[in-house]
Each structure stands twice: as structure tokens, then as C-alpha cells.
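Worksheet for the structure shown next.
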Amino acid sequence: MFVFVVLSLSSGLGYRFYNQPRLDVGKKAPQTLVAPNSASVEDVKTTEERRREARSGALAVWVIDPEVNERIHQNLQKLLTKANQIRDELGNFPFIQTSILSTATQTYLRQAPEPEWQAVLQTFEQNSNLTGLNSAQQRAVNELRAYRQSISSPISQLLKTITQARQRYHIALKTLNNINLAQSKIYDVTLLNISDTDWQETPIQLHETLDRMLAQGIYPGLSQDNLNYAIQMQVSVSVTKTAQPLARRLLSMVIEANLTKDIEQTKLIAEQAAQAVDPEIVTIQKGEVIVKAGEKITQADFVLLDHFGLSQRGIDWLNLMSFSGIVGLSVVIFRLVERRINPKLRRSDYILILLLILSTPLLVALTQSFTGLTAIGLLLGSFYGTAIGGTVMGLLTILLSIGTELKWYSLIPSAIGGIMGGLMAGQWRFPGREAPRTREELATLGVLIGLVQGAIYLLINTAIAPLWYTTLGAAALKSLTGIAWSILALGLSPYLEALFDLVTPIRLAELSNPNRPLLKRLAHEAPGTFQHTLFVATLAEAAARALNCNVELVRAGVLYHDIGKMHDPLGFIENQIGSQNKHDTINDPWKSAEIIKKHVSQGLVMARQYKLPSAIQAFIPEHQGTILIAYFYQQAQQRQEEFKKLLQESDFRYDGPIPQSKETGIVMLADACEAALRSQKDLTPETALAMVNKILKARWLDNQLLDSGLTREEMPQIAHIFVQVWQQFHHKRIAYPKI
């Protein structure tokens, strides 16, 4: 089997080695090779590489975003409105005619610290000399004295005006500082020192400057230093000098990138650039030397050699054997993983896994791009679980990368989708749900895998192609392809489950639906047995969950374990509701035992008729094992002389086999305890536990659990769980008063 699998996989996955050229690019020519004929041959590989470079190197088309421009203008207007509010607190500036006091002096007197203003005032009023005053103070004193000499009226009105202007200035300055504290120092004192005439022009100049800069376009990623330099250059020629510092600050605050890429136009230009690349044609005349002996073969040389059939294509046995060794190692790794998790794979399972793997190189050979890895991952994960699905998909990805000529930027997204399917299909659950998986949930997983494939393809191609948006179409196609493969997997899974006799959580959930024909028959024809089945299922599920067994399999197996009782429902006590016991009429323990035993054989007949999986069929004989039908055996012992029959214990034992798995072993124990627990109403939990332990001990001593995998240490745990479930079903109720 190992040799067959290795040969099959090597021949299927390693087909690239069947037609390998001995004289390939980079190898030395063993002899001088001459063109037998004249030829002009297209170098497809070089042409495609150049076209790919042309697509990548195409310049992006940038367009101005009017919404961004509008937002920038609105932000600037908000800042100017706030500036106007601050200046309203200043009053007029200049606050007095410049013929009386110059603008520079008025600016100084408004903002001078109080000690300096008092020094100016004292020097002016006392006609002191100007020693100790700075230049601004001296200028202010001289202008005040000149004004006093030029008029005959008192100068007190002028001094009062200056004082009021200082007060308004400090109020406005406080407001400005508060705004800066809240909004990161947008304004400075320049705003307070701009004359009213200049300020009237400043908003107009700012908007015009902003329009010019936005019309030129601001690229994303432009450094702040470069942007500030551009603002400075524009402001220096268009804004009043006194307002320039404020203008630079405001524009720096509001300007942002207003250029956006026109993806469609850029893709069109990139494709035009690619199509503009002429095919790379390699020409040669008859008798010309293609490559001399000992020289390395170039791409152009190889194109000609391959065209003339001189590349010596054939089976590359060395690399094929090496690849077979890698395949063999992969098979060994798979077997190690399988043995570690012990999934008990059958021969049909190995065949299905092999066929799914071999479908990949077939698809690649037929389509050159589609791999079907997503579908294979979903199928393997849902059929055999996370460990098998993830292992197979990981190994298959490695083998495909070696044995096929798939482009790595195309293989990786598909491989990731396949590995995701293999890993997640075996454990996929919606948050907060413990119900079995459904095909709708796996369909959702398929959509997720498709989206991830597209995103991975986009990321990979972005790394090798600067214009990432030129690959958006291919990425979208990759996503749709992944979703399509997922849909195909969902469509194939029911047929594969039936053909290869598989039990997946999805199929088990479908089989557990009480509306299935066989279960509806059981509920109608043998209602007592159906109720018995439901209680056994409750006991067995709880124990299976605690022992980490396959709960879905236990649930489905229990529902069908007693379907054979429909062959003679009244032959079983639970269906004899208010009627005479049929076995009292028969009055023959041997015949009664045959009726009881027949529910196993007839159950298997019905299971095959309704095409139940073999894993479900196993519950029918194994839940009884080879236990003794004790009631009728004791009757036979007591009445042996009356019937004059040979008493053989085998006549009163089920044919088996005994349970072959933990799941069927748990169902045997639950089936044995169900009647005992349900028939007792006044038991205490302690008495019930003792009774259950006695039943489990009897099954253990009867060697019914030898092959089940259950251990003796697990028996008390199972008994405790059974009693807990029984208590939940038999809790006390309030005694309501009589009406």
C-alpha cells in the first residue's frame, strides 16, 4: 500500500519532471548547436515579464477630490471666524490717528508691560531725561511730547485712550491664550497687531492663496516640511506682510492631501502600457550558431533550442526520484499524525484521501491555474477532522510547489484557503452555539475562505506590483473562485458521504432529525421504544461528553439502536401499554428469547434498507453485545423438564459482537441502566447510584467491555453522570392545592 501510494502521488504531483529539458537556462552547452532552419520565435516568458513590469511601472492617475477641497475651505473659514471674534475685543487699530502716534508706537504702548508703561508715563509727565529707557520707550515719550507741544488743550484724553486700548488688548490676549490652550496654539499675537485695513484684506488673500495651492494638488505622503515651505513661498507673494506669520500658521493647520488615485484610469493606463510592449521575438538564420560549446544557455538561446527540439526534453529521473523520496516522507508524516490522533481510518478512507489529492494535479494540468485546494480542504476537514485535514493540506501545498509549475503568487492564496478549510471545517462553530455543524455554517466558512484568498492574493501582488489596485480585479476573481470551490465541496459532500460510508457531524445531525422516515416510523409504531430511546440518548450523551467521545455519533446511534423492535412492537414491555403481555400467551421462553434477539437482526436489515452508515449500524448489535437474556433464561431453567429441550446458554445470549468503541460501550451501559432508573420512583440518589454501579459492574464482569476502550476507572464516573441525569428527570414538584 505504501509503495502504491508513493508511486501514485509521485506520478500525479510530479508531472513537471516528465518533460524537463536537459539543456535549460543557466546550464552549459555540451557542444556547439546550430539552427537547422531560419526562425522567428516569440519568447513568451520574457514578454510576459516585461508586460508585468510595464503594468507595475505605470504612473498613477491623480485627480482632485472636490469634497476634500470643500472641507479645507470650511475649516479655514471657521478659524477666520474665531479670529474675528478675538479682534472684536480689541476695538479699532490703530486706536488713534497715526499722525499723532505712529503705528509702531501704538503697537508698543498697547502690549508693553505695566512697569514699562509707567516708566514712559512718569518720564513724560515729569519732563525727565530719557536715560534708562529703551528705544521703544524713548520713541513713545518723544511722540507724546511732540503732540503736547502741537496742541494747546490737555493731553489727558490721549492718555485715557491709550489706557483703554491697553485694557482691551489684555482682554483679547487672554481670550487668545484660552483658545490656544484648548486648540493647540492656532493663533499668536500677530493676529492682535494687524491693522484693521490689512485684516480686511487678509481673509481674501488667504482664500486665494489656498485656491492656488489646492489647484496644484497636494499629494498624500507629502512631508510637513515640504508643505510648510510651499505655504511660505505662496504667502510671501500674496499676503500682507504683517499678516504673513498668521497666514502661514492657519494654512498649515487646514491644508491636507486633496489628490486621490483614479483607479479605473490607472488600470487602463497600466494595461495600455502592458499592451504597448512588443512581443520579444528571437530570430535566427539557418546555419547560425545558437550557442557555442561550454557557454551558458541564455533565455533567448533556450527559446530557440526548444523551438528546434534541441533542448533534449525527457523524464528527469534524478529529480523525479528525489521528489518520490519527499512524497514518501510526506506519507510517513501523515501516518504518524494519524496514529497519534487514532482516527481509525478504513481502507475506503485512504482511497478517498488519495483521490482528492490526485484531483489537484489533474485540475492544474487541465486549467493551468485552478487547484481546487479550497474544496479539498473543506472536504477533508469536515470528513476527518482538523488534524488530518490540516496535515494533508500542508503537505500537499509543499508537494505542489515542488512538483508543478504553478506560480507562487497564485499557489499561496489557494494553499492558505485549503489549509484554512482543513483546519476550520473540523472545528467550526458559531459563537455561543453547541449544536452540531450545519451545511449553512460550512457555507459561511466557504465565503470567509474566499474573502481571505482574495485578500492574500492582493497583499502578495501588492508586494511585487506597486500599483496594487491594478490587481483588484484578479483578487476579486480569486475570492469568487474560492467561494465557487466551497459551493462545489458542499454539493459533493453528501454523495461522497454516502459513497464512502462516512459519518460527518453534518450527516449525523441530519440523521438525528426526528422527521427522518425511520424515526417517524419508530415513534408511530413503537412509541414506548421511542420514549425509551430518548432517555437512553440523554444518559449516553452526558457520559460521552464527559469522556470526550463523539457526542454527535452517540446521539444518532442511540436513536437507531432499537429500530428492530418495530418487527414486533408488542413483544417488548415498553410498548405493552394497558394490554396483556404477549409472552404470557406464547408461554415458551425459547420462542420469547428468539423474539427478543430478533430485534437486533431485524434492526440491521432495516438499517441497510434505509442506507444508514455502518458506524450507526454498529450500535444495533453492539449495544447488546453477547449479554444473557436473563429473564427467559431463568424461566427455561425452571421449565426445562416441561419443554424437554436441551438448555444451551447460547440460545439466550445475543449474537454480538461486544462493543468495539467507547461510544457503543457507553450506549450499552445507558441502555442497561435506563429501565432500572425509570422504573424506580422513590429511590434516593445514594440508592440509585448503588444500583447503577451494580449494573455496570455486572457488564464489566461479563466481559462485555473488553474491546470498547472504556477503563474500570471510568465506571464510577459514568455511574455518577447517569444518576445526575436521572435526578434532573425526577426532580420534586410543588404540591398544588386541590381545586
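Bear in mind that the values in this text are calculations on the coordinates, not laboratory data. From a predicted model like this one, the values you see are computed outputs, not experimental measurements. As a convention, Cβ positions derive from the backbone with ideal geometry for all residues, glycine included, and neighbour counts pool all protein chains shown.
A few comments on the model shown:
- At an R0 of 30 angstrom, the distance between the Cβ atoms of Val332 and Thr711 translates into a FRET efficiency of 0.45.
- Charge dipole of region 461-577 (Cα centre as origin; +1 on each Lys and Arg Cβ, -1 on each Asp and Glu Cβ, all else neutral): 340 debye, rounded to the nearest 20.
- Cβ crowding within 10 Å averaged over residues, with 558-569, 154-165 ranked highest first: 558-569, 154-165
- Rounded to the nearest 20, the size of the Cβ-charge dipole of region 33-180 about its Cα centre is 600 debye, with Lys and Arg at +1 and Asp and Glu at -1.
- Distance from region 262-292 to region 585-615 (C-alpha centre basis), Å: 77
- Contour excess over end-to-end distance, with Cα ends at Thr131 and Val3 and 0.36 nm allotted per residue: 34.9 nm
- Counting only residues at least eight positions apart within a chain, or on another chain, the aspartates and glutamates with an alpha carbon under 20 Å from that of Lys565 are Glu525, Glu574, Asp584, Asp588, Glu594, Glu622, Asp651, Asp655, Asp671, Glu674.
- Annotation: amide H of Lys27 within the under-5 Å range of Ile297, sequence separation 5 or more or interchain, hydrogens built in the peptide plane.
- The coefficient of translational diffusion for region 513-729, derived via Stokes-Einstein from the alpha carbon Kirkwood radius under 20 °C and 1.002 mPa s, stands at 120 µm²/s.
- Relative protection proxy for 104-110, 83-89, 218-224, from highest mean packing down: 104-110, 83-89, 218-224 (other beta-carbon atoms within 10 angstrom).
- Considering only Gly491, Gly372, Leu352, and ranking their Cα positions along the charge dipole of region 317-507 that arises from unit charges at the beta-carbon of Lys, Arg, Asp and Glu, the one farthest toward the positive end is Leu352.
- Estimated [θ] at 222 nm from DSSP helical runs (n ≥ 4, -39500 (n - 2.57)) normalised by residues in the chain, nearest 500: -21500 deg cm²/dmol
- Full-stretch length increase - Gln312, Met253 - with 0.36 nm per residue and alpha-carbon distance subtracted: 14.3 nm
- Here the dipole of the chain is about 920 debye; that uses its Cα centre as origin and unit charges on the Cβ of Lys and Arg (positive) and Asp and Glu (negative).
- Distance from the alpha carbon centroid of region 494-510 to that of region 636-676 works out to 32 angstrom.
- Near Ile281, the amide H atoms lying under 5 Å from its own belong to Asp43; only residues 5 or more places off or on other chains count, and H is placed 1.01 Å from N.
- Prolate/oblate/rounded call for region 175-306, Cα gyration tensor, a/c under 1.5 rounded: prolate
- The chain: angle of helix 135-150 to the longest principal axis, Cα-based, in degrees nearest 10: 50
- With the charge dipole of the chain set up from +1 on Lys and Arg Cβ and -1 on Asp and Glu Cβ about the Cα centre, the Cα lying farthest toward the positive end among the listed residues Met321, Phe572, Ile402 is that of Phe572.
- Centroid-to-centroid, using Cα positions, region 123-159 and region 15-39 are 104 Å apart.
- Taking Cα atoms only, the orientation of helix 317-341 departs from the longest principal axis of the chain by about 70 degrees.
- When the Cα positions of Gln640, Thr32, Gln77 are compared along the charge dipole of the chain, Gln640 comes out farthest toward the positive end, with charges on each C-beta of Lys, Arg, Asp and Glu.
- Straight Cα distances below 16 angstrom link Lys645 to the lysines Lys591, with same-chain residues fewer than 8 positions distant left out.
- Take each peptide in 18-27, 385-394, 353-362, 261-270, count the other Cβ atoms within 10 Å of every residue, and average; sorted highest first, the result is 385-394, 353-362, 261-270, 18-27.
- Shape category assigned to region 94-193 from the gyration tensor of Cα positions, a/c cut at 1.5: prolate
- Amide proton proximity set for Val34, modelled H, under 5 Å, gap of 5+: Ile290
- Partners for Lys611 among lysines (Cα-Cα distance below 17 Å; same-chain residues under 8 apart left out): Lys520
- Between 0 and 90°, nearest 10: helix 589-609 axis offset from the chain longest Cα axis: 40
- Here the relative contact order of the chain, from alpha carbon pairs under 8 Å that lie six or more residues apart, stands at 14 percent.
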